[in-house]
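A short worksheet on the structure shown next.
The values are calculated or read from the model by the stated rules, or taken from the named source; none is laboratory data. Note that the coordinates shown come from a computational prediction; the quantities given were computed from them, not determined experimentally. Note that we place each Cβ from the backbone using ideal geometry, even for glycine, and neighbour counts take in every protein chain shown.
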Amino acid sequence: MIQTREELQKEIALELHEIGALKFGEFTFKSGIKSPMYMDLRLFISYPKLLKKVAKAYAMLIEPLTYNRLAGIAYAALPIAGAVSLEMEKPWIYMRKEGIAKSYGLKKAIEGEFEPGDTIVVIDDLITKGDSKLEVIEPFQSNDLKINDFVVLIDYEKGGGALLQEKGYNLHAFLTMGEVIRIMKEEDRIDEEKYQQCLDFLAS
């Protein structure tokens, strides 16, 4: 039986909480934002069954897009891009950390095979304000690669999608943080007080 997007969203959200990838407390993001919840998406690479489900989620979003190959960003997105590549049987490349070329060997900033003019779909784990996504555009473009779409598992709804759109790019997210929190409340993983605290954070 074919699984619906809603069914897969619920499964992934619950399993992320079960393995401890979704935590509740007080956390500070790289951007300086303080949050009552934290999503550590580097953790699920140790859970291959969940990683398979995550790859299916990305495939659902990527299938309708027009592109030549997938692209991952170091480091969190690399195992995701690899899993999605296997799921979809599509080639992928990746950008070295901060787009910096090696000082030895072939001195490449982008690893993998590509042709100048290729269109890539950039895969990352999540998005908050979107600044870090803009930072990866130049290294790809300087290698004559075209970007139209960014695909993430989770959108924190902190303006990242609007920022990308303003710059001419599309954001595709499998889940918003609001949807994750709603699932947690419906499945009694958090109480009303924590639910409201999370909603207030998302609305702030």
* Asked: modelled with pLDDT under 95, at negative phi, among the hydroxyl-bearing types (Ser, Thr, Tyr) and crowded, with 16+ Cβ neighbours inside 10 Å - does that describe any residue in the stretch 172-182?
  -> no
* Please state which of the following conditions GLN165 fails to meet, knowing it meets all the rest: (1) within 20 Å of the chain's Cα centre (by Cα); (2) exposed (fewer than 14 other Cβ atoms within 10 Å of the Cβ); (3) more than 23 Å from PRO64 (Cα to Cα). => (3)
* **Residues satisfying the stated conditions in the stretch 37-54, i.e. crowded, with 18+ Cβ neighbours inside 10 Å and in contact (Cβ under 8 Å) with a residue 60 or more places away in the chain** => MET37, MET39, LEU41, VAL54
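Here are ILE154, ILE183: which of them is in a helix (DSSP H, G or I) and either under 22 Å from ARG42 (Cα atoms) or within 19 Å of the chain's Cα centre (by Cα) (or both)? Walk me through it before giving the result.
Details: ILE154 fails: in a helix (DSSP H, G or I).
None of the other options fit; the residue is ILE183.
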* Structure fact -> Picked from the stretch 104-138 (must be surrounded by fewer than 17 Cβ atoms within 10 Å (Cβ to Cβ) and of a type in the set (Lys, Arg)), the residue modelled with the highest pLDDT is LYS108
* Asked: When the stretch 39-84 is examined, which residues are found to be closer than 27 Å to PHE27 by Cα, modelled with pLDDT of 95 or more and in a loop (DSSP other than H, G, I, E, B)?
  -> TYR47
* To do: Check whether at least one residue in the stretch 170-180 is free of Cβ contacts under 8 Å to residues at least 12 places away in the same chain and either in a helix (DSSP H, G or I) or among the charged types (D, E, K, R) (or both), and report yes or no.
  => no
* Here is a list of conditions, (1) under 17 Å from LYS10 (Cβ atoms); (2) of a type in the set (Ser, Thr, Tyr); (3) surrounded by fewer than 13 Cβ atoms within 10 Å (Cβ to Cβ), and TYR195 meets all of them except one; can you say which number that is? -> (3)
